[in-house]
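Notes follow the structure.
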Amino acid sequence: MADITDGRITLDEAGYDLPEVVVKPKDLLYCQTYFRDVYIDDDGPIYYRAGVIDNAYNIAKKEVSAKSRHLSKAQSGFWRALYSSTSGQYDQFARLPEESYYDKIRGLQQKGSITLTDAGNGRQIIADSICQLGYIYWNAEERTRTVSFNLSTYRNHIKNKEKQEKAAKKGKTFVPDTVKQQRTSTTIYQVYRTDSVGNSRTDDFVMSQLTVIGRHRHSGTEYLIQVQSYATDYAYIDKKEYKQQRKDNEVDMNIDELRRFEKVNKIPPLAPNIQEQINKFINKD
């Protein structure tokens, strides 16, 4: 007899030998993620969405397919329509990442776009030729790796470099769009579990956060968009089991169910001032 628990095979004692043991791996990694999507400005919440995503990671193809169930509320019909039209790009940050930002940053390092400088105690500084863009921190004791990377600053530097090269070819003076850079910040934050030497896999995903800070073009009002995602369940399954898993998880999303889910899965709360505003927003008639 054998028992498979958490991917480990345990054979019971028997009075005979096994001539052969064949282990056939399942082709999908199922990962359930809980996510929160908050859009808030100086006047309070504009949009809030939270729910559960069933992710299926195809191990061979290294691709993720996902289906979400969520509760959402908007300040008005206009904001619901506008935000819903662009929510797909934020869903990418709410589901299981196909590739960790640690791997992407190492790729940028190999291309020479950025540098990684050892700062000691498991910390590395991420920088380009202009400024610091973030950090990588490997906690060997807790076996976790944290990556924080300012994506918008990096992209702005690349765009300005391209514009500067084009201006130089035309014999013109390049003036960088510094106002736009000061008004926008997009930070990627990810945490993965690691082994004793710092390696991690897709199923080591713990959480991610996308934070966008900007200013409305016409009103000048500052706004915050924050998308958080937490891994809450893992299993190696096949396509049939994934279909059944999604069916079993089809429950109505309401605020009481979401709060219960957060408590059971020990999801950290939002910042107190944001959480208070969201609670009032959700309970508002």
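Some notes on this structure:
- In the range 80-107, the residues that are assigned to a helix (DSSP H, G or I), touching a residue at least 40 places away in the same chain (Cβ under 8 Å) and either among the hydroxyl-bearing types (Ser, Thr, Tyr) or assigned by TED's automatic domain parsing to the domain that holds Leu29 (or both): Tyr83, Ser87, Tyr90, Phe93, Ala94, Tyr101, Tyr102
- Among the residues of the range 115-130, those that are part of a strand (DSSP E or B) and either among the polar types (S, T, N, Q) or surrounded by 12 or more Cβ atoms within 10 Å (Cβ to Cβ) (or both) comprise Thr115, Leu116, Thr117, Ala119, Arg123, Gln124, Ile125, Ile126, Ala127.
- The condition of being in contact (Cβ under 8 Å) with a residue 24 or more places away in the chain, surrounded by 17 or more Cβ atoms within 10 Å (Cβ to Cβ) and over 14 Å from Ser113 (Cα atoms) holds for only one of Thr153, Thr146, that being Thr146.
- Any pair with Cβ under 6 angstrom, 6 or more apart, that starts in the range 250-272 at a residue that is modelled with pLDDT of 90 or more and ends at one that is outside any helix (DSSP H, G or I) and surrounded by 10 or more Cβ atoms within 10 Å (Cβ to Cβ): Asn265/Thr232; Ile267/Tyr34; Ile267/Tyr230
- Test for Ala168: is it more than 22 Å from Gly134 (Cα to Cα) and over 21 Å from the mean Cα position of the chain (by Cα): yes
- Of all residues in the range 36-73, those that are over 20 Å from Asp256 (Cβ atoms), without any contact (Cβ under 8 Å) to a residue 60 or more places away in the chain, part of a strand (DSSP E or B) and of a type in the set (Gly, Ala, Ser) total 2.
- The residues of the range 199-232 that are surrounded by 15 or more Cβ atoms within 10 Å (Cβ to Cβ) and either more than 20 Å from Ser152 (Cβ to Cβ) or of a type in the set (Asp, Glu) (or both), listed by number, are Ser200, Thr202, Asp203, Asp204, Phe205, Val206, Met207, Tyr230, Ala231, Thr232.
The values are calculated or read from the model by the stated rules, or taken from the named source; none is laboratory data. Keep in mind it's a predicted model, so treat the numbers as computed, not measured. Glycine gets a Cβ as well: all are built from the backbone with ideal geometry, and neighbour counts include every protein chain shown.
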